[in-house]
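Only one structure is covered here, and it is reproduced in the block below.
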Amino acid sequence: MTESSSPSAGGPATDQVKLPAGFDLIASDDRLGPVVLQALGRIEERLDHAVRSTDQLADVTSRHLLQAGGKRVRPLLTVLAGEIGGGVNDAVLEAAAVVELTHLATLYHDDVMDSAPLRRGVATAQTVWGNSVAILTGDLIFARASSMVSELGQRALKIQADTFERLVLGQLHETVGPRAGQDPLEHYLDVLAGKTGSLIAACGHFGTVLAGAPQDVVDVMVEYGEKVGIAFQLADDVIDVTGADAVSGKTPGTDLREGVPTLPVLILRRMAQEGDAEAARAVALLDADLSTDEALERAVAALSAHAATQEAWRIARQWADDAIASLAPLPDSVAKRALVAFAHAVVHRDA
């Protein structure tokens, strides 16, 4: 297994590519930094090419969220998995574009289901063109991702199909809620594993498989991706009720107002059911009419101050610690250390 292999020469200037937060270690490395930055530039070119369409409406709607930006965490994780698995090659870059397109497509669908007005600082597609156009644009982007992955071989196509199935099931289970008798917290973690963990696990899966890694390395990166993906979403849950508007890009309490059952809320409700009077008072604020900013602020303050929020942080950080522990079988490398740093960073964002 080699740690170094770079894409062929050419591509956009690396000074136009930015690394997401938590990956400073890569930028400071003289060898891996240029490899990763060049790879991300090439992935950006592939993304731009993938959403082009001769149909004028489809071209505009497909580019809408892509041009709004995004952290590109999933492509970067795919590149690092390729680096760990044997070296970054064209197939790894293509797969990195596939996972970002898949993520992008889910955003179009999620925004329709959530009636979200903004995404990445711009109006969501359904607020501009309506629900049907937004849904069909997401479908179109899924189709483009499927076409790309079909060129990567049967194993890659199976990874994509299995991931897509888990994404859909995660959304379905979130929509219908827990089964009769199912623990709400267990249900929510299952939803996160499908909606978030599955695609980040696919980054590790694609990257290692297409770099020619042995199965034990593939298994490590799949496990890491699943766990760090869940940790990332759990941390977002907590940030939603503790502030950090500048970090998350969301108004604190957005999930509360929309009635989304997130980790701190589920823990708070459990504590209230177990007899915690303070938790019961906070739950009453959450269950009140939150349409006014004042009511929402009171609910956010009550939940943020309760021990349920600290317990939610503990659980999120445990998932990140477990993700880091899963990397133990891999030999030391800058790429491995970057993955450790990322897992740490996702649960230690400002809150």
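The values are calculated or read from the model by the stated rules, or taken from the named source; none is laboratory data. Note that the structure is a prediction, hence the values are computed from the model and not measured. Using ideal geometry, Cβ is built from the backbone for each residue, glycine included, and neighbour counts are taken over all protein chains shown. For accessibility, only protein heavy atoms count, side chains too; no ligands or nucleic acids. Shrake-Rupley method; radii C 1.70, N 1.55, O 1.52, S 1.80 Å.
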Query raised in the report: Amide H to amide H, which residues 5 or more places from G86 or on other chains are under 5 Å from it, using H placed in the peptide plane?
Result: T2
Report task. List the DSSP H helices in the chain whose Cα atoms stretch 20 Å or more along the helix axis and whose mean Kyte-Doolittle hydropathy is at least 0.0. Result -> 32-51, 90-114, 131-150, 215-242
Query raised in the report: Cα-based Rg (one decimal) and Dmax (whole number) for the range 98-176, in Å?
Result: 13.4, 39
**Report entry** the chain, helix-only ellipticity at 222 nm - DSSP H runs n ≥ 4, -39,500 (n - 2.57), divided by all residues, nearest 500
**Finding:** -22500 deg cm²/dmol
Report task. Evaluate the range 283-343: find the radius of gyration of its Cα atoms, find its Kirkwood radius, and give the ratio Rg to Rh. Result -> 1.30
Requested in this report: Of the options A97, G82, L66, report the single residue whose Cα projects farthest towards the positive end of the charge dipole of the range 58-114 (beta-carbon charges: Lys, Arg +1; Asp, Glu -1).
Outcome: G82
Report summary line: Most packed first (mean Cβ within 10 Å per residue), the peptides 60-66, 273-279, 111-117 order as 60-66, 111-117, 273-279
Query raised in the report: Assigning unit charges at the beta carbon (Lys, Arg +1; Asp, Glu -1) and nothing else, what dipole magnitude in debye, to the nearest 20, does the chain show about its Cα centre?
Result: 480 debye
**Report entry** Rounded percent of accessible protein surface that carbon and sulfur make up, the chain, 1.4 Å probe
**Finding:** 53 percent
Report summary line: Net charge near S132 (other residues with Cβ under 15 Å of its Cβ; Lys, Arg +1; Asp, Glu -1) is -2
Query raised in the report: Using Cα-only point scatterers and the Debye equation, what is log10 of I(q)/I(0) for the range 15-127 at each q in 0.11 Å⁻¹, rounded to two decimals?
Result: -0.39
Query raised in the report: log₁₀ I(q)/I(0) of the chain at q = 0.07, 0.09, 0.14, 0.15 Å⁻¹, via Debye over equal Cα point scatterers, no solvent, to two decimals?
Result: -0.30, -0.50, -1.18, -1.33
**Report entry** Share of Cα-Cα pairs in the range 86-225 lying beyond 19 Å, as whole percent
**Finding:** 56 percent
Query raised in the report: Within the chain, how many lysine pairs that are 8 or more places apart, or on different chains, have C-alpha atoms less than 20 Å apart?
Result: 10
Query - Rule-of-thumb Rg ratio for the range 152-211 [Cα; 2.2 N^0.38 Å; N residues] - result: 1.30
Query raised in the report: What span do the alpha-carbon atoms of the range 68-137 cover on each of the three principal axes, reported in whole Å from largest to smallest?
Result: 44, 21, 16
Query raised in the report: Counting only residues 5 or more places away or on other chains, whose amide H sits under 5 Å from the amide H of L118 once H atoms are built in the peptide plane?
Result: T124
Query raised in the report: When Rg is the radius of gyration of the Cα atoms in the range 192-351 and Rh is its Kirkwood radius, what does Rg/Rh come to?
Result: 1.07
